[in-house]
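Trainee: What follows is a structure written as structure tokens; I'll ask about it next.
Here, each number is a calculation from the coordinates, and none is a lab measurement. Quick caveat: nothing in here was measured; it's all calculated off a predicted structure. Quick reminder, even Gly has a Cβ in these numbers, built from the backbone with ideal geometry, and neighbours come from all protein chains shown.
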Amino acid sequence: MSVAACAALVERGDPDRFRAVMAAPVEARAQLFPLYAFNLEVARAPWVTQEPLIAEMRLQWWRDVVENAASGAARAHEVAGPLHEVIRDFGLPVEVLDSLIAARRWDIHREPHEGAEGLDAYLEDTGAGLMWLAARALGAPDAAEAPVRAYGWATAAAMYIRAVPELAARGRQPLPDGFGVAELAKRGLEKLVEARKARRAVPKEISPALLAGWQAESLLRQVVAGRSLPELSEARKRWGLLRQALTGRW
């Protein structure tokens with residue numbers, strides 16, 4: 001039960017977010033690693049079993065953990081324990097955590113999203129919600145919620161597009177009928193514009209929470225330009241992350 005255990009989980013299972021945290025100031029890591037480890041555990045829950053009921057039970061366990069964070073339940077768990085401390089110490093909104101978990105129920109079943117609005121809501125509750133939680137853990141004011149969530153949505157859209165082939169291979173229907181990856185990428189770029197218009201509401205002190213989105217714009221632009229499976233070279237990844245970490249500009 002430690003931040004180090006959370007960091008090890010993120011390093012293995014979510015290397016891009018691990019890089020982002022390691023580029024952040026050391027003092028931010030104790031908040032970000034438990035949140036990202038929690039997100040990884042929840043995201044994996046629907047895929048570790050072929051039995052929908054067991055997957056539902058795994059997600060419900062996390063919903064119970066979050067709901068009872070103040071009671072210290074599941075404190076011995078390597079992720080739940082540190083997560084409880086972050087929730088308690090920084091007053092994270094439990095309803096946002098719960099919505100993030102509940103949204104992952106879509107990954108269990110094989111029904112498509114309910115149109116573009118359903119996919120929009122999924123990305124809002126997962127990616128946008130996670131980035132807002134990270135920002136709150138670093139002290140974000142309420143005024144920063146809209147731009148942080150918009151930036152998180154765009155980041156989630158880029159990551160989701162990269163996952164589309166794997167989701168389809170696993171029998172899911174990742175995109176609504178008549179809605180392709182190019183449309184999703186355009187929507188993500190619109191969200192980036194929306195976020196940047198309100199950038200003044202986001203204090204520089206919380207910029208480490210936004211480092212996880214350092215690849216989003218480049219990936220989304222690749223898709224709009226016609227590349228269905230976007231990717232950045234290692235050199236571009238390193239440079240993009242370094243630039244955002246040093247300047248705080250996103």
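Trainee: On a C-alpha basis, how far is the centre of region 1-34 from the centre of region 81-149 in Å? Whole number, if you could?
Mentor: The two parts, judged by their Cα centres, are 18 Å apart.
Trainee: While we're looking at this one, here's another question. Remind me, relative contact order of region 43-177 in percent, using alpha carbon pairs under 8 angstrom and six or more residues apart?
Mentor: Reported as a whole number, the value is 24 percent.
Trainee: Let me ask another. What is region 1-108 by shape, rounded, prolate or oblate, if you read a ≥ b ≥ c off the alpha carbon gyration tensor as root eigenvalues and call it rounded for a/c under 1.5, prolate for a/b larger than b/c, and oblate otherwise?
Mentor: In terms of gyration-tensor shape, oblate.
Trainee: Going by average Cβ density within 10 Å per residue, which order do the peptides 24-30, 157-163 take, highest to lowest?
Mentor: 157-163, 24-30
Trainee: Projecting each Cα onto the charge dipole of region 1-108 (Lys/Arg +1, Asp/Glu -1 at the beta carbon, about the Cα centre), which of Val65, Phe18, Gly81 comes out farthest on the positive side?
Mentor: In region 1-108, that residue is Phe18.
Trainee: Would you calculate, for the chain, the mean residue ellipticity at 222 nm contributed by helices, counting each DSSP H stretch of 4 or more residues as -39,500 (n - 2.57) and dividing by all residues, to the nearest 500?
Mentor: Helix contribution divided over all residues of the chain: -20000 deg cm²/dmol.
Trainee: Still on this model: Can you tell me the dipole magnitude for the chain around its Cα centre, using point charges on the Cβ only (Lys, Arg +1; Asp, Glu -1), in Debye to the nearest 20? Present the calculation step by step, with values, prior to reporting the outcome.
Mentor: Working: 32 positive and 32 negative charges, 219 e Å.
Dipole size: approximately 1060 debye.
Trainee: Going by how many other beta carbons lie within 10 Å of each one, how would you line up His84, His113, His77, fewest first? Mind showing how you got there, number by number?
Mentor: Details: His84 23, His113 20, His77 17.
Ranking His84, His113, His77 by Cβ neighbours within 10 Å, fewest first, gives His77, His113, His84.
Trainee: Mind putting a number on the dipole of region 110-250 about its Cα centre? Charges go on the C-beta only, +1 for Lys and Arg and -1 for Asp and Glu, and I need it in Debye to the nearest 20.
Mentor: Dipole about the Cα centre, nearest 20: 760 debye.
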